[in-house]
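As structure tokens, the structure follows; a few thoughts come after it.
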Amino acid sequence: MVILGFWLRHHYPPERIRKMAADTLGARLGRQVEIADAQLSLLGGMVLKGIRVSEAPTFSAGTFVEVDSVRILPRLIPLLSRQIIVRSIELNRPRLTVRRSSEGIFNFDDLLTPPRQPSAQEKSAPTPVSWSKFLISRATLTEGEITYVDEKLPLTVVFSDLDTRISGFS
């Protein structure tokens, strides 16, 4: 177990994890993603700190989501068969801004469209993990905040100090 821990730290240093996570999220969302720090340990899972997701398409349009930290604890045995089964995911201080423009378009509408199909070159590249088998057993959110800005009405509503725990879903 100790040897595996050292192997993990050697092959997945914080900068590599941070870049992989930001690039993967950015590609899947079609938005810029910044992550300040990342850590990976065998028993502690993966911790991402200072996560920011831009409004579409870049941060020049604003920030859509900010999260102080995310801890992802996977089940270890399924990783051997390239499946991600998350025992728990914990979001600490997520802040989401939902915005409706004066034309009635929401700032998340682009996220509701189906993801683009990978090119032939992308399909032939080895995939490290099957995302179709990504399952989550428990999620916890602490000190969350949702800001709703309606430019059509005009109206701004803030929901703060949101705490929730969800289990038994995937």
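Tabulated values for the structure
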| quantity | calculated |
| --- | --- |
| Pick from the range 35-81, criterion more than 14 Å from residue 14 (Cα to Cα) and among the hydroxyl-bearing types (Ser, Thr, Tyr), ranking: least open to solvent (accessible area, probe 1.4 Å) | 54 |
| Matching residues in the range 82-105 - criterion: being surrounded by fewer than 17 Cβ atoms within 10 Å (Cβ to Cβ), modelled with pLDDT of 95 or more and within 20 Å of the chain's Cα centre (by Cα) | 92, 93, 98 |
| Residues located in the range 154-165, provided they are touching a residue at least 12 places away in the same chain (Cβ under 8 Å) and either outside any strand (DSSP E or B) or open to solvent by 100 Å² or more (accessible area, probe 1.4 Å) (or both) | 159, 161, 163, 165 |
| Per-region count, the range 21-34, residues closer than 23 Å to residue 75 by Cβ and either in contact with a Phe, Trp or Tyr (Cβ under 8 Å, 6 or more places away or on another chain) or surrounded by 16 or more Cβ atoms within 10 Å (Cβ to Cβ) (or both) | 2 |
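The values are calculated or read from the model by the stated rules, or taken from the named source; none is laboratory data. The structure displayed is predicted, hence computed values, not measured ones. Because the Cβ atoms are built from the backbone with ideal geometry, glycine has one as well, and the counts that use them run over all protein chains shown. For accessibility, only protein heavy atoms count, side chains too; no ligands or nucleic acids. Shrake-Rupley method; radii C 1.70, N 1.55, O 1.52, S 1.80 Å.
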